[in-house]
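Let me begin by presenting the structure, written as structure tokens, before commenting on it.
The values are calculated or read from the model by the stated rules, or taken from the named source; none is laboratory data. Predicted model only: the values in this text are computed from it and were never measured. Cβ atoms come from the backbone with ideal geometry, glycine included; neighbour counts cover every protein chain shown. To get the accessible areas, we keep the full protein, side chains included, count just its heavy atoms, and leave off ligands, DNA and RNA. Shrake-Rupley method; radii C 1.70, N 1.55, O 1.52, S 1.80 Å.
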Amino acid sequence: MKEIKENIEHDLEYYQSGIKQLYTKHYQKYLFFLLAIMMITVVGIGLSESIVRWLLVVLFLSESGLVVYLLRYLRAEAFETYFQRIKAQLPSDFQKMEKLEIQEDNQSYYFLGEQELFVKLKKRNTRNFPSKIRQYTLLVGFTDEIDRTMLEEPLQFFYYDITQIKHSANYKKEILKNTNFIAKRKKRRIRSAILTIFLLLIVGTFVYFGAKKYLDDDGRTIYEKQVEKDYHDKIDQEAQVRITELSVTNEDETLKIQLPKYFHEEEGTLFSVDEIKGQSSKTFTSNALYVSIFMSEIASASSLSEFVGQVMEDQGKRNNQKSVEKLHPDLFKNEYILTTKTSENGQSETNNYTTYFFETAHNYGWIICEIDRASEETELDLDQQVNEILHSIAVETDETVI
């Protein structure tokens, strides 16, 4: 337990900058939305008369108070207090996370407990950080669910084994078997419906009196479109990159792979870990592509089979296909390939999830390739794209280029 705690503290300190970006983005989202509402309120004040105008003035003052309240969370002291609280809490939550089941589709991650927990994280709101804890990944993000703790506890932290993710087209049916989930879903829907009705009433009031005033006075102009444009221009977008190759260096060996030309214009997020002794990894993720390379020093296991066993447990899933094909006998001492293909709604394959394990003179490692069909209109040969990535492997050492 002490080692787990030390590793978790290392992860949090190492990725503190990225966590702070997500923390800030969470509050900016609410702040920008509130500022947009305030702009509409100002327009309503200018276009309305008498009692309604005074009501809108009171509403504007209330919105200003909420802005001041949100700004206090963006102070450096507030984040540091929150960060220290997470650092103390996360190690004790780790054992609970080991029991969670994780599923995913193209848009979201789903964390399921034993009829007691359901958390949905949209992929665009999350970041994956390779962990110092062997075979685990730290997932950090925020939900769009309305909850009483969404301000005090903005981020969700989960450790999960990437090899245990279920790519199930029937995950909704499995979730609906959970009666506790159904009750929680009803509560969330009721809260969302109440908030939506409240916002619709406010907007409807603005539109009615704004339109009435506009028709009475042709010299006045309604600015809603400009307000909406200004709002969207202010939203902070996470930096995206394009790459053509991915490489990792560990124990004087460098492994490189080339991305197929189809993905050269694909925008995504690139992150790497190369400061953990004896290990190195790099990952590129986008809407249609997930590619990860990991290398660990040869001393971490006695054989490739043992290394594979440390990384994943073969559960004999019916759509898991093990290959004995040797792709690079001249590069690697041993190879092991595991491919998982999934489909949705009875259609043909829509994903190709392949894990390629290898053994070199100084390292064990893996290459994970997951490709989603970009759209139903695109005839994309998933096997061909994955094979192109795996056949592009090149290994360099400090003395020899293989």
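Do the conditions hold for Gln95, that is, is it in a helix (DSSP H, G or I), surrounded by 11 or more Cβ atoms within 10 Å (Cβ to Cβ) and free of Cβ contacts under 8 Å to residues at least 60 places away in the same chain? Explain how you work it out, then say what you get.
Details: in a helix (DSSP H, G or I): yes; surrounded by 11 or more Cβ atoms within 10 Å (Cβ to Cβ): no; free of Cβ contacts under 8 Å to residues at least 60 places away in the same chain: yes.
No; evaluated as a whole, the condition is false for this residue.
Considering every residue within segment 42-52, establish whether at least one is closer than 30 Å to Ser272 by Cβ, of a type in the set (S, T, N, Q) and without any contact (Cβ under 8 Å) to a residue 12 or more places away in the chain.
Filtering segment 42-52 for residues closer than 30 Å to Ser272 by Cβ gives none.
For segment 42-52, residues closer than 30 Å to Ser272 by Cβ, of a type in the set (S, T, N, Q) and without any contact (Cβ under 8 Å) to a residue 12 or more places away in the chain: absent.
Go through (1) touching a helix residue (DSSP H, G or I) at 6+ places or on another chain (Cβ under 7 Å); (2) open to solvent by less than 20 Å² (accessible area, probe 1.4 Å) for Leu66 and report which single condition fails.
(2)
Which of the residues that make up segment 3-48 are open to solvent by 20 Å² or more (accessible area, probe 1.4 Å) and of a type in the set (D, E, K, R)?
Of everything in segment 3-48, those that are open to solvent by 20 Å² or more (accessible area, probe 1.4 Å) and of a type in the set (D, E, K, R) turn out to be Glu3, Lys5, Glu6, Glu9, Glu13, Lys20, Lys25, Lys29.
Take the residues in segment 304-322 that are open to solvent by 40 Å² or more (accessible area, probe 1.4 Å) and either part of a strand (DSSP E or B) or aromatic (Phe, Trp, Tyr) (or both), then tell me which one is modelled with the highest pLDDT. Walk me through how you get there before you give the answer.
Step one: list which residues in segment 304-322 are open to solvent by 40 Å² or more (accessible area, probe 1.4 Å), which gives 305-306, 309-310, 313-319, 321-322.
If we keep only those that are either part of a strand (DSSP E or B) or aromatic (Phe, Trp, Tyr) (or both) too, we end up with 321-322.
Values: Gln321: 55, Lys322: 60.
Per the stated criteria, the residue is Lys322.
Right, Leu100: in contact with a strand residue (DSSP E or B) (Cβ under 9 Å, 6 or more places away or on another chain), within 21 Å of Ile19 (Cβ to Cβ), surrounded by fewer than 18 Cβ atoms within 10 Å (Cβ to Cβ) and touching a residue at least 12 places away in the same chain (Cβ under 8 Å) or not? Break it down into steps so the answer makes sense when it comes.
Values: in contact with a strand residue (DSSP E or B) (Cβ under 9 Å, 6 or more places away or on another chain): yes; within 21 Å of Ile19 (Cβ to Cβ): yes; surrounded by fewer than 18 Cβ atoms within 10 Å (Cβ to Cβ): yes; touching a residue at least 12 places away in the same chain (Cβ under 8 Å): yes.
Judged against the criteria, Leu100 is a match.
Taking the criterion of being buried (at least 17 other Cβ atoms within 10 Å of the Cβ), part of a helix (DSSP H, G or I), touching a Pro at 6+ places or on another chain (Cβ under 9 Å) and on the phi < 0 side of the Ramachandran plot, would at least one residue in segment 79-87 satisfy it?
yes
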